[in-house]
Each structure stands twice: as structure tokens, then as C-alpha cells.
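Here's the structure, in C-alpha cells; my notes come after.
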Amino acid sequence: MDYIIKQASKFSKDEINRFKKIVTDAGQVKKETFDGLIDRDPILLFIPDTSKIEAVGALKVPHVSYKNKVFCKSKSGLNPEDFDFEIGWIVSLNKGKGLGKMVTEVLTNCKPNIYATVREDNSRMRQILEMHNFKKSGDSFKSDRGDYKIVLYVKS
């Protein structure tokens, strides 16, 4: 399957807005938060392209304070400074076609030292991360965004 992957700064404003609508509609990020995070120039992935979008994902460039909080809350014991990117904003618009798996595979092969946070009850995404050599690190912890727990996964 085809895909387009590059730094956010290399996409047009219209393409960024399409990405934003997908991830905010899916509840992956708040609209108010997105613009600040996109300004950090994450790596974005569109499957198959930016006009006929079936799935998206990103290697986000997290704020140091957020990254430190996640690693601390999970009691991971790992140094958050060792992880430059957080994989996330993975949304498949066509469930059951293996697109979430493909997004994860492509993004995790881009850069080393990646971490992910996933809802504890999202067994499918946890399984996909484990298939791509992510390891659970530390304990699950309560989310700041809702009544659910988060699990930290790392790949180095």
C-alpha cells in the first residue's frame, strides 16, 4: 500500500488541516493542543495519500515536561531523555484492513528510541505495539484526560 511520510513543515496548510480534522474528530488530541504540537514539526504519515486518506499517524515531538510526567507517572525507571519521539495520532478510517498495523510499522522504522502511550483497555493497539517490539515500561497510571488508565510502551 502507498503512503506519504514527511515532516509536518513539508505539508501544505490544507493537508495539515485534513490531518487535524481526522485526529481531533477521533479524540486523539484536543483542537487547542494540536497547533502547538504541529509547530514542533512531527513526522506525519498519510495512507495512501493526502487526498484519499484511509489512515494517519505521527511521530510526535513531545514537550520535555509532558515526557517527564509520563515516565514519572508510570514509574518506568527509564530516562525520558533517551526517547525523542512519541508515536501516536494513529487513526484508521477503514477498520479491519490492517492499516493501524501498517502505520505503526512505517513510523517505528523511521527513527530509534520511540515511546507510546496507549489506553490500558485498547488491547488491539497494545498488541500492535508489542508486534513491533515495543515493551511495556512501568505501571499503568490514571489519565489526566478521562476516567481510564494509560500504559507506557518503549522501543529502543
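Out of ILE16, ILE47, report the one residue that is touching a residue at least 40 places away in the same chain (Cβ under 8 Å), of a type in the set (Val, Ile, Thr) and surrounded by 17 or more Cβ atoms within 10 Å (Cβ to Cβ).
ILE47
Is it fair to say SER74 is more than 20 Å from LYS6 (Cβ to Cβ) and within 16 Å of the chain's Cα centre (by Cα)?
Taking the combined requirement at face value, the residue does not satisfy it.
Working only within the range 99-121, note down all residues that are in a loop (DSSP other than H, G, I, E, B) and in contact (Cβ under 8 Å) with a residue 60 or more places away in the chain.
Matches in the range 99-121: CYS110, LYS111.
Filter the range 20-37 for residues that are touching a Phe, Trp or Tyr at 6+ places or on another chain (Cβ under 8 Å) and either in contact (Cβ under 8 Å) with a residue 12 or more places away in the chain or surrounded by 21 or more Cβ atoms within 10 Å (Cβ to Cβ) (or both) and give the result.
Listed by number, the residues that qualify are LYS20, VAL23, GLN28, VAL29.
Return the residues of the range 72-99 that are more than 17 Å from LYS30 (Cα to Cα), in contact with a Ser or Thr (Cβ under 8 Å, 6 or more places away or on another chain) and either hydroxyl-bearing (Ser, Thr, Tyr) or surrounded by 18 or more Cβ atoms within 10 Å (Cβ to Cβ) (or both); say none if nothing qualifies.
Listed by number, the residues that qualify are SER74, SER76, PHE83, LEU99.
In the list ARG145, ARG126, which residue meets the criterion of being at pLDDT below 95 and either in a loop (DSSP other than H, G, I, E, B) or crowded, with 18+ Cβ neighbours inside 10 Å (or both)?
ARG145
Within the range 110-155, count every residue that is β-branched (Val, Ile, Thr) and either more than 16 Å from SER74 (Cβ to Cβ) or more than 14 Å from the chain's Cα centre (by Cα) (or both).
1
Enumerate the pairs (first residue in the range 77-93 and in contact (Cβ under 8 Å) with a residue 40 or more places away in the chain; second residue anywhere and acidic (Asp, Glu)) with beta-carbon separation below 7 Å, excluding pairs fewer than 6 apart on the same chain, so at least 6 apart or on different chains.
Matching pairs, first to second residue: LEU93/GLU54.
Looking at SER9, is it part of a helix (DSSP H, G or I) and either under 22 Å from ARG119 (Cα atoms) or hydroxyl-bearing (Ser, Thr, Tyr) (or both)?
Here the answer is yes, as SER9 does meet what is asked.
Identify all residues within the range 122-139 that are farther than 25 Å from GLU81 by Cβ and without any contact (Cβ under 8 Å) to a residue 24 or more places away in the chain; write none if there are none.
Scanning the range 122-139 gives ASN122, SER123, GLN127.
The values are calculated or read from the model by the stated rules, or taken from the named source; none is laboratory data. Predicted model only: the values in this text are computed from it and were never measured. Virtual Cβ from ideal backbone geometry, glycine too; neighbours counted across all protein chains shown.
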